[in-house]
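As structure tokens, the structure follows; a few thoughts come after it.
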Protein chains: 2
Amino acid sequence: MEHLPHIAFDSVIFGFSGQQLKILIMEYHRTKWFALPGGFVRYGENLNDAVRRGLRERTGLEDIYLEQFYTFGDVSRHQPEVMKRILLASGYRLEDCPWMLDRFISVAYYALINYDQVDPRPDALSDSINWYSLKDLPPLLFDHRAVVDRALTTLRSNLDTRLLGMNLLPPRFTMKEMQQVYEAILGQSLHRGSFQRRMLGLGFLERHEKRHSGQAHKSPYLYSFKTTG
Amino acid sequence: MEHLPHIAFDSVIFGFSGQQLKILIMEYHRTKWFALPGGFVRYGENLNDAVRRGLRERTGLEDIYLEQFYTFGDVSRHQPEVMKRILLASGYRLEDCPWMLDRFISVAYYALINYDQVDPRPDALSDSINWYSLKDLPPLLFDHRAVVDRALTTLRSNLDTRLLGMNLLPPRFTMKEMQQVYEAILGQSLHRGSFQRRMLGLGFLERHEKRHSGQAHKSPYLYSFKTTG
DNA sequence: TTCTCATTGTCACAAGTTGCGACAATAATA
DNA sequence: TATTATTGTCGCAACTTGTGACAATGAGAA
């Protein structure tokens, strides 16, 4: 067997578009069941590398901001009947992959990526992988809804300390775009003046020329994150 | 086999005594090698329950504050030669437990317990389990030193948000004792006035009668944590 | 009894941070 | 030129935090 048995990973892949926070969700063949993208760890492969490999396969991206946030190990996650139907619907024979029906302990990661650069690609068991707004997720299999909720909670609490907004934004962005990312993550609106003052006070932003949007109002500055050094 | 293969847990068990933060370390039979207490997950057993079971076996305590903080999955953790010597030194035959030499992915937890209530008990592979001050740890096997460091980092960052001090203190304690716990965790001294003001301001403390220490100075109040209700 | 001394509870003050609203500046349009 | 929506900035109040100071206390010493 190619993979470590009983061990899996799931990834909550965040992107930002249309003023909304979104994540990538896979739909399995025929069953109309939805789940987080995940994978397994190869013998001789570091756990973190396995997750990076999985992300590369799903998104085509190489360097991704990635953070492990929890390992889910309840027995109740184990639903062999569900897995059986997924495998059969994808044309697998159960004799070829009995280990897929075993109990799994899953290490969960979240990733922050630039929405525009992603080319989502389904895996062998899925016929599609799509962005879903957090506010409009379909019902997810197993405990994946709890995984998403926990990812969001962790993301929120790490927001201040690790300067996470940068990973969801294009290289240059306006203060308003940055604020929208923060608001989408925190799920609440922020005061414009305070936000601008605080972000500028951190000293991580570099101001560039203005962007002329063609709109009938004052045009905003563009910012980028200073390269550390 | 009784346990899930390739999956283990390690626990960093914190206690507070003599104004110092300490953790429980096991010493393996004869080898003079030190490591964190850990264990394996049984089939049909929740991961969290397995860790609680392990803690109960090592400390005799039932209700323990426990928090998962990271899952270590690098290939470099795998050192079959070391494990082989430990098993042989304990009188095991390798044929009886070949799975112990496999690669393991380890889910790490930290626990906060009341030092005085613990009765440390070694497991089958160890001849002793003892408290060690964080500042004076022996060299640890595998990646356990990194596990401890990460546990401490997580503990520090969670200190404010989750009112962790309570789990290391007896039911009633003075403000000074509480401050010493905080100082030991944070590794820095705190201003007495600010600390007292902040803690009282949180509203979680209940003040009781004074404790007459017999010392030649003003005696401090005793506090307890309010039972949520 | 009175004095001494270490420790404790509390507070005033300065310095810093944050929420909120206001103001002028700007870019396109009518 | 006037209008309008948006942006950069600032002043103010409210709140938090670091720091030192003060009086109160409990036991032993004089």
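Just so it is clear, none of the values below were taken in a lab; they were calculated from the coordinates. Because the structure is a prediction, the values reported are computed rather than measured. All Cβ positions, even for glycine, are placed from backbone atoms using ideal geometry, and neighbour counts span all protein chains on display.
Things worth noting here:
- All Cα pairs of segment A:80-229, percent lying beyond 19 Å: 66 percent
- For segment B:126-229, the set of GluC sites (Glu not before Pro) satisfying both a DSSP loop assignment and a count of at most 16 other C-beta atoms within 10 Å is empty.
- Annotation: the antiparallel percentage among DSSP beta bridges lying fully within chain B is about 75.
- More than 14 angstrom apart: percent of Cα pairs within segment A:6-78: 68 percent
- Of the two radii for segment B:63-128, the radius of gyration is 1.05 times the Kirkwood radius, both from the alpha carbons; that is the Rg over Rh value.
- Net charge of neighbours whose Cβ lies under 10 Å from the Cβ of B:SER224, counting Lys and Arg as +1 and Asp and Glu as -1: +2
- For segment A:195-209, the Karplus equation 6.51 cos²θ - 1.76 cosθ + 1.60, evaluated at θ = phi - 60°, returns couplings of 4, 4, 4, 5, 4, 5, x, 5, x, 9, 9, 10, 9, 10, 5 Hz by residue, with Gly and Pro reported as x.
- Computed helical MRE - 222 nm, chain A, DSSP H runs ≥ 4 contributing -39500 (n - 2.57), nearest 500: -9000 deg cm²/dmol
- A dipole drawn for segment A:116-229 from +1 and -1 charges on Cβ atoms has a positive end, and of A:SER157, A:LEU222, A:TYR132 the residue lying farthest that way is A:LEU222.
- Of all beta bridges that DSSP places with both ends in the protein assembly as shown, some 75 percent have antiparallel geometry.
- Burial ordering of A:VAL107, A:VAL82, fewest other beta-carbon atoms within 10 Å first: A:VAL82, A:VAL107
- With label points defined 7 Å past Cα in the direction of Cβ, position B:SER128 shows copy-to-copy spacings of 6.5 nm, given to one decimal and shortest first.
- DSSP-assigned coil residues among GluC sites (Glu not before Pro) in segment A:1-107, each with at most 14 further Cβ atoms within 10 Å: A:GLU2, A:GLU62
- For B:LEU205, distant residues with modelled amide H under 5 Å away: B:LYS226
- When the inverse distances between all different Cα atoms of segment B:133-190 are averaged and flipped, the Kirkwood radius reads 12.7 angstrom.
- For chain B, averaging the sequence separation of C-alpha pairs within contact (under 8 Å, six or more residues apart) and dividing by the residue count gives a relative contact order of 24 percent.
- Three semi-axes of the equivalent ellipsoid, the protein assembly as shown, Cα gyration tensor, whole Å, largest first: 40, 36, 19
- Principal semi-axes in Å for segment B:1-135 [√(5λ), Cα gyration tensor, largest first]: 24, 18, 14
- Measuring from each Cβ of chain B to the axis carrying B onto A, the nearest residue and its distance in whole Å come out as B:THR71, 2.
- Out-of-range pairs (alpha-carbon distance over 31 Å; input A:LYS84/B:LYS84; A:LYS22/A:LYS84; A:LYS135/B:LYS226; B:LYS135/B:LYS176): A:LYS84/B:LYS84; A:LYS135/B:LYS226
- Of the residues A:SER157, A:SER11, A:SER128, the one that moves most in a GNM of chain A with alpha-carbon contacts below 10 Å is A:SER157.
- For A:LEU163, inter-copy label distances in nm, listed shortest first [label point 7 Å out on the Cα-Cβ vector]: 3.5
- Where trypsin sites (Lys or Arg not before Pro) in DSSP loops with at most 16 other Cβ within 10 Å are excluded, longest remaining stretch of chain B: B:94-171
- Sequence-distant aspartates and glutamates (8 or more away, or on other chains) whose Cα lies within less than 18 Å of A:LYS32: A:GLU81, A:ASP123, A:ASP127, A:ASP136, A:ASP143
- Computed magnitude of the charge dipole of chain A (debye, nearest 20; Cβ of K, R +1, Cβ of D, E -1): 1000 debye
- Across the copies of the chain, B:LYS210 has label points (7 Å from Cα along Cα→Cβ) spaced 6.8 nm apart, shortest distance listed first.
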